[in-house]
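The values are calculated or read from the model by the stated rules, or taken from the named source; none is laboratory data. Keep in mind that this is a model prediction, so the values were computed, not measured. Virtual Cβ from ideal backbone geometry, glycine too; neighbours counted across all protein chains shown. Accessible surface areas use protein heavy atoms only, side chains included; no ligands, DNA or RNA. Shrake-Rupley method; radii C 1.70, N 1.55, O 1.52, S 1.80 Å.
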Amino acid sequence: HDNSFGVSSVLLGIFSILLASPPIYGIILGITSLVFSAKQNQVYKNKWSKWGKGLAIVGIVLSIIVFIFGIWLIKHPDFINNLIGQYNVPY
């Protein structure tokens, strides 16, 4: 059985988690991973498609959390100033 879509889905899912910091990368890779996971399910349903789907969901959710936290930081710049002042970090 061909597992190429499943393996690709897992790798893209891992990269979507690792590259969640610029959220657009994590979301794009996560969605692509979900597409490959669905394609693997059509060809041959196995553990690769399940793992790829799970990793993709984690990557997308993590990217959304990073995005929301970034927006929150923009609206609350005093948080970073208080954090820097708390540890006496020169800047």
Completion exercise
For Lys45, the lone unmet condition from (1) in a helix (DSSP H, G or I); (2) over 30 Å from Ile84 (Cα atoms); (3) out of contact with any Phe, Trp or Tyr (no Cβ under 9 Å at 6 or more places or on another chain) is (1)
Fill in the blank from the handout: Matching residues in the stretch 14-31 (of a type outside the set (Val, Ile, Thr) and exposed (fewer than 15 other Cβ atoms within 10 Å of the Cβ)) number 3
Practice task
Please find, within the stretch 32-63, the residue that is least open to solvent (accessible area, probe 1.4 Å) out of those that are touching a helix residue (DSSP H, G or I) at 6+ places or on another chain (Cβ under 7 Å), farther than 11 Å from Ser8 by Cα and β-branched (Val, Ile, Thr).
Solution key: Ile60
Exercise for the section: Name, by its number, the condition in (1) in a loop (DSSP other than H, G, I, E, B); (2) in contact with a Leu (Cβ under 8 Å, 6 or more places away or on another chain) that does not hold for Val10. Expected result: (1)
Exercise for the section: State all residues of the stretch 1-13 that are of a type in the set (A, V, I, L, M) and surrounded by fewer than 18 Cβ atoms within 10 Å (Cβ to Cβ); if no residue qualifies, say none. Expected result: Val7, Leu11
Practice task
Determine whether the stretch 17-29 contains at least one residue that is outside any helix (DSSP H, G or I) and of a type in the set (A, V, I, L, M, F, W, C).
Solution key: yes
Handout entry: Checklist (1) part of a helix (DSSP H, G or I); (2) surrounded by 11 or more Cβ atoms within 10 Å (Cβ to Cβ) applied to Trp72, failing item
Key = (2)
